[in-house]
1. I need the peptides 32-38, 16-22 ranked by packing, meaning the mean over residues of other C-beta atoms within 10 angstrom, with the highest value on top.
2. Starting from the Cα of K76, draw a straight line to each of the lysines and keep only those under 18 Å, dropping any in the same chain fewer than 8 residues away.
Amino acid sequence: MPMNESTQPPPLPDHLSIDPRSPHHVAAVFEHDVGIRLNDKERTDVEEYCISEGWIKVPAGKTLDRKGQPLLIKLKGRVEAFYR
């Protein structure tokens, strides 16, 4: 299915979260396929990122916090966000 060229994706924010309850969640961004690279390695398990501070948050295995959400660990490095 070809992408519609007239729908320009919104600019990727510096700080983005996939959790709709987060203040850093931008629904319009998720209408497009977003990719994240940490230190030149593409990651598919990113829950949240911040480019200016240089970190991503990924689930720590199958561990859940007390609210039933995945327990996240912060990985630091050079973060790049892009549209696939």
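We did not get these values from a lab; they are worked out from the coordinates using the rules stated. Remember, it's a predicted structure, so these values are computed and weren't measured experimentally. Don't worry about glycine lacking a Cβ; one is built from the backbone with ideal geometry, like all the others, and counts go over all protein chains shown.
1. Working: 32-38: 15.7, 16-22: 13.7.
Packing proxy ranking, top to bottom: 32-38, 16-22.
2. List returned: K41, K57.
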